[in-house]
Amino acid sequence: MNSGLVWIKSLVEWLFPRYCAVCGARLRADERAVCLHCLASMPLTGYHLWKENPVERLFWGKFPLERATAWMVYQRGTPYAKIIHQFKYGGRKTLAVDMGRMMAADLQKDGFFEGVDFIVPVPLHPRRLLMRGYNQSEMLAKGVSEITQIPILNGVVERIRYTETQTKKSGAERAENMKHTFRVADVNNVIGKHLLLVDDVVTTSSTLTACGDALQAAEGIRLSVLALASAE
Ligand SMILES: [Zn+2]
C-alpha cells in the first residue's frame, strides 16, 4: 500500500473507530469485525473434518445430507456469544457478512463447498424480517457467497408460518411446532441441485429439518447444512 493510502486509512479509522465484536477493543485498520487476539482463540469446532460429526448426527433419520457443519461453538454468556447477539438482536448486519466471509475462507481450504450449486439462507417469516430489518442468515450467506462465488438462491423456500421463540421447548416440541413452516416456492429451480442451507445457530435442527423437508419436494435434490455456530 502506498503511504497516501495508509494515511487515508488511518484517518478513516480515527474518524470512524470500529470495535472488536468479542472483546470490544478498538480494531486496527487491518482487522475486521474481530481483533486478531480474539480470532486466535475463536472456539472453532473443526466439525467439517470429522466423519459423522455432531451436527450431521442431528439430521440422522430425517433426510439424507451430503455434509453438515457448524463453524464455531455457541455458549451462552461467553464473550464469543456476543457475536451472534450483536447481529441477531443488535442490528449489526455487516457483522454477519464478515462472519460469513471468515467462516467460508476457513472451510473452503478443506473443500467444504465442493459441488454446491446454490446457497440457500433459511428464510425468516416476513413479520420477523420486518421487525429485524434483515435476515441474519442471508447476511451470513452473502459473506459465504462472496468468498466461494457460489450464487445465493433467495425465495426458493418461503416461511409461511410464524413461530414464537422456541428456547423453552423440548426437541420434540420444537419439531412438532416447526411442521408446515416452510414451503418451496419454485420446485423446478432446484431439481437435481445441491443446495447448501445456511443458518446462524443450530440447536436441535428443528428449523433446518423443516426447511430441508419442504425441499424434498424437488426430485434429485441434495442438501448440505452450514451454521455459523452450534449450541452446546
Ligand atoms: Zn477482541
*asked:* Using a Förster radius of 35 Å, what is the FRET efficiency between E173 and T94 based on their Cβ-Cβ separation? Nearest 0.05, please.
replied: 0.50
*asked:* If each residue of separation counts as 0.36 nm, what is the full-extension length gain between N154 and Y19 once their alpha-carbon separation is subtracted?
replied: 45.5 nm
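Can you sort E52, E66 so the residue with the fewest Cβ neighbours within 10 Å comes first? Let's see the in-between values first.
Values: E52 9, E66 15.
Arranged by neighbour count, lowest to highest, E52, E66 become E52, E66.
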_Just to confirm my numbers, what's the Cα centroid distance between the stretch 99-163 and the stretch 173-227 in Å?_
12
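Looking at the chain, identify the longest residue range that excludes and avoids all chymotrypsin sites (Phe, Trp or Tyr not before Pro) in DSSP loops having at most 11 other Cβ atoms within 10 Å. Numbers along the way, then the final one.
Numbers: sites that count: W60, Y89, Y162.
In the chain, the maximal stretch lacking such sites is 90-161.
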*May I ask you to compute the full-extension gain from L130 to A217, defined as 0.36 nm times their residue separation minus their alpha-carbon distance, rounded to one decimal in nm?*
28.5 nm
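Give the shape of the stretch 1-41 as rounded, prolate or oblate, defined through the alpha-carbon gyration tensor: a ≥ b ≥ c are the square roots of its eigenvalues, a/c under 1.5 means rounded, and otherwise the shape is prolate if a/b is larger than b/c and oblate if not. All intermediate terms of the calculation are to be shown ahead of the outcome.
Values: a/c = 4.39, a/b = 1.88, b/c = 2.33.
In terms of gyration-tensor shape, oblate.
In the stretch 157-232, which trypsin sites (Lys or Arg not before Pro) are in a loop and have at most 14 other Cβ atoms within 10 Å, using DSSP for the loop call? Don't jump to the answer; show the numbers that get you there.
Numbers: sites: R159, R161, K168, K169, R174, K179, R183, K193, R222; in loops: R161, K168, K169, K179, K193.
Taking the stretch 157-232 and a limit of 14 other Cβ atoms within 10 Å, the loop trypsin sites (Lys or Arg not before Pro) found are R161, K168, K179.
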_D110-N188 pseudo-label distance in nm [points 7 Å out on the Cα-to-Cβ vector]_ = 4.0
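Starting with the fewest neighbours, write out S3, S10, S206 ranked by other beta-carbon atoms found within 10 Å of each beta-carbon.
Numbers: S3 7, S10 12, S206 24.
In order of increasing Cβ crowding within 10 Å: S3, S10, S206.
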*Qualifying aspartates and glutamates (Cα of each under 17 Å from Cα of K88; at least 8 residues distant if same chain)*: D98, E138, E164, D199, D200
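Treating only the Cβ atoms of Lys and Arg (+1) and Asp and Glu (-1) as charged, compute the dipole magnitude of the stretch 1-47 about its Cα centre; round to the nearest 20 debye. Before the final figure, lay out each step's value.
Working: 5 positive and 3 negative charges, 12 e Å.
With Lys and Arg at +1 and Asp and Glu at -1, about 60 debye.
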*Separation in nanometres of the label points that stand 7 Å from Cα toward Cβ, at D117 and A29*: 4.5
*Any number yet on Rg/Rh for the chain, C-alpha, Kirkwood?*
0.99
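Determine the shape class of the stretch 1-107: with a ≥ b ≥ c the square roots of the Cα gyration tensor eigenvalues, call it rounded for a/c under 1.5, and otherwise prolate if a/b is greater than b/c, oblate otherwise.
On the way: a/c = 2.79, a/b = 2.15, b/c = 1.30.
Because a/c hits 1.5 or more and a/b exceeds b/c, the stretch 1-107 counts as prolate.
Taking the stretch 110-232 on its own, what percent of its Cα-Cα pair distances exceed 26 Å?
Percent of Cα pairs beyond 26 Å in the stretch 110-232: 16.
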_Straight-distance crosslink candidates among aspartates and glutamates, where the alpha carbon sits under 16 Å from K51 and sequence neighbours closer than 8 are dropped_ = E66, D110
_Report the gain in length on full extension from E232 to Y162: 0.36 nm times residue separation, minus Cα-Cα distance, nm rounded to one decimal._
22.6 nm
*With labels modelled as points extended 7 Å from the Cα through the Cβ direction, what inter-label distance (nm, one decimal) is found for A40 paired with W7?*
3.2
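FYI, it's all coordinate maths here, none of it is from the lab. Everything numeric in this text was worked out from a predicted model, so none of it was measured. All Cβ positions, glycine included, derive from the backbone under ideal geometry; neighbour counts span all protein chains shown.
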